[in-house]
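The values are calculated or read from the model by the stated rules, or taken from the named source; none is laboratory data. Since the model is a prediction, treat every value here as computed from it, not as a measurement. Cβ coordinates were reconstructed from backbone atoms using ideal geometry, including for glycine residues, and neighbour counts include every protein chain displayed. These accessible areas exclude ligands, DNA and RNA; they are computed on the full protein's heavy atoms, side chains included. Shrake-Rupley method; radii C 1.70, N 1.55, O 1.52, S 1.80 Å.
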Amino acid sequence: MKDDYLWDGSGEPDPEIQKLETALGRYRHNQPASVFDRLREIHPVKQRWSFFSVRWSYQLGAVAAIVLLAAAVFLVLRSRPPRYAGPSWDVARLEGTPQVGRHSLGEKSGLGKLRIGETLVTDSSSRATITLDETGRVEVDADSRLRVLTNGPGRKRLSLERGTIHATIWAPPGEFVVDTPSAVAVDLGCVYILHVDDSGAGLLRTTMGWVGFKLNGHESFIPAGAICQTRPKIGPGTPYFEEATASFRDALSKFDFASTTSGERSALLGIILADARKNDALTLWHLLSRVSDADRPGVYDRLASLAPPPAGVTREGILRLDRSMLDAWWNSRGFGNIDLWRTYEHDWSQRPPNSK
């Protein structure tokens with residue numbers, strides 16, 4: 001058989017092929033092939049679209065776009081350094097490896113910046129200083145933790161959570177404040193040392209100028225050469241000069257902070273009045289507003305004998321705690337003009353929301 005028969009029927013036929021053709025012939029199709037474009041015209045395919053399907057398509061697209069935009073913004077912001085309001089404090093390493101925020105200051109990188117919300121931490125072998133040109137310089141001792149709370153124009157506020165700082169402030173009075181767990185120290189043009197222990201108790205020692213110390217309306221004023229202790233939930237105690245007698249200081253500490261009966265307090269007050277010297281007028285002036293009405297005349301008499309009141313200040317006025325007379329008596333002692341405190345202290349009467 002020639003192959004031509006299989007393709008076009010020419011050539012010699014094969015009998016087996018002819019049998020096959022005869023068997024399958026009844027299935028032969030002799031109609032023209034279908035035209036598919038014509039079938040589409042006769043039976044069009046209907047696509048169902050509705051208002052809701054269109055709306056959902058647009059919504060899904062919008063959601064996808066928003067997700068992509070949010071992801072892009074997040075990546076951009078994450079790659080940028082954070083911005084802080086106000087100037088930052090310059091930090092300089094003195095010893096060891098102080099930590100500023102997440103960064104450690106070593107021998108090779110001993111300088112850094114302390115911004116709002118950041119914390120300076122020193123361990124047992126490290127010390128540092130922070131400086132702000134328009135405000136002052138603060139030396140931070142070992143085992144301390146200091147945080148920046150606010151740093152706006154005319155308002156610089158730090159928080160000493162533990163440890164010791166040595167502050168030298170040249171900013172105008174009332175612009176620099178340090179929070180502690182038991183009191184707020186308001187600078188009135190001064191140099192001072194402030195210590196806070198692990199319990200939150202503190203001690204402030206002024207070496208130049210004077211400092212206002214307060215908590216919830218409980219006020220103490222510490223001039224140069226004086227000390228004031230503080231306790232959590234109690235606030236600042238009564239200031240006293242360092243050269244006061246040991247019995248005077250011991251009785252005063254118990255009077256301020258110990259849990260005592262009224263009889264015991266009167267006995268402690270008797271020791272304080274008996275041991276008071278001329279310079280202890282600082283302490284007696286504060287005690288005028290801290291003793292009971294029954295004990296106040298005795299405090300007035302002892303104070304008047306050590307530091308006579310100025311003209312216009314009367315016994316009756318002091319016994320009823322007339323503020324103008326109390327202020328005039330304070331100003332006459334040369335400790336500092338209390339009008340500064342009256343002007344600035346109300347600006348710091350509330351702690352900022354991010355302080356502890």
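Of note:
- Every residue from the stretch 143-168 that is more than 21 Å from Glu95 (Cα to Cα), free of Cβ contacts under 8 Å to residues at least 40 places away in the same chain and not small (Gly, Ala, Ser): Lys156, Leu158
- Pick from the stretch 139-180, criterion buried (at least 18 other Cβ atoms within 10 Å of the Cβ) and small (Gly, Ala, Ser), ranking: nearest to Arg205 (Cα to Cα): Ala167
- The stretch 231-256, residues that are more than 12 Å from His286 (Cα to Cα), of a type outside the set (Gly, Ala, Ser) and part of a helix (DSSP H, G or I): Phe248, Arg249, Asp250, Lys254, Phe255
- When residues of the stretch 272-286 are limited to those that are farther than 11 Å from Ala251 by Cβ and assigned to a helix (DSSP H, G or I), the one most open to solvent (accessible area, probe 1.4 Å): Lys278
- Residues that are open to solvent by 20 Å² or more (accessible area, probe 1.4 Å), under 20 Å from the mean Cα position of the chain (by Cα) and farther than 22 Å from Asp198 by Cβ, drawn from the stretch 119-136: Thr131
- Of all the residues in the stretch 206-224, those that are surrounded by fewer than 15 Cβ atoms within 10 Å (Cβ to Cβ) and not in a strand (DSSP E or B) number 2.
- Set Ser259, Ser266: member being among the small types (Gly, Ala, Ser), assigned to a helix (DSSP H, G or I) and either closer than 25 Å to Gly217 by Cα or modelled with pLDDT under 95 (or both): Ser266
- Listed by first and then second residue, the pairs with beta-carbon distance under 6 Å, at least 6 apart or on different chains, first residue in the stretch 93-114 and farther than 19 Å from Val148 by Cα, second surrounded by 15 or more Cβ atoms within 10 Å (Cβ to Cβ) and among the basic types (Lys, Arg), are Leu94/Arg127; Glu95/Arg127; Gly110/Arg93.
- Hits in the stretch 287-321 (condition: over 25 Å from Ser262 (Cβ atoms) and either assigned to a loop (DSSP other than H, G, I, E, B) or within 37 Å of the chain's Cα centre (by Cα) (or both)): Ala307, Pro308, Pro309, Pro310, Ala311, Gly312, Val313, Thr314
- Residue match in the stretch 244-251 (condition: aliphatic (A, V, I, L, M) and open to solvent by less than 10 Å² (accessible area, probe 1.4 Å)): yes
- Answer residue from the stretch 252-271, given it is under 22 Å from Ala224 (Cβ atoms) and of a type outside the set (Gly, Ala, Ser) and is surrounded by the fewest Cβ atoms within 10 Å (Cβ to Cβ) among those: Asp256
- Verdict on Thr206 being hydroxyl-bearing (Ser, Thr, Tyr) and without any contact (Cβ under 8 Å) to a residue 40 or more places away in the chain: yes
- Checked against (1) surrounded by 14 or more Cβ atoms within 10 Å (Cβ to Cβ); (2) at pLDDT 95 or above; (3) not in a helix (DSSP H, G or I); (4) not β-branched (Val, Ile, Thr), Phe335 passes all but a single condition, namely (2).
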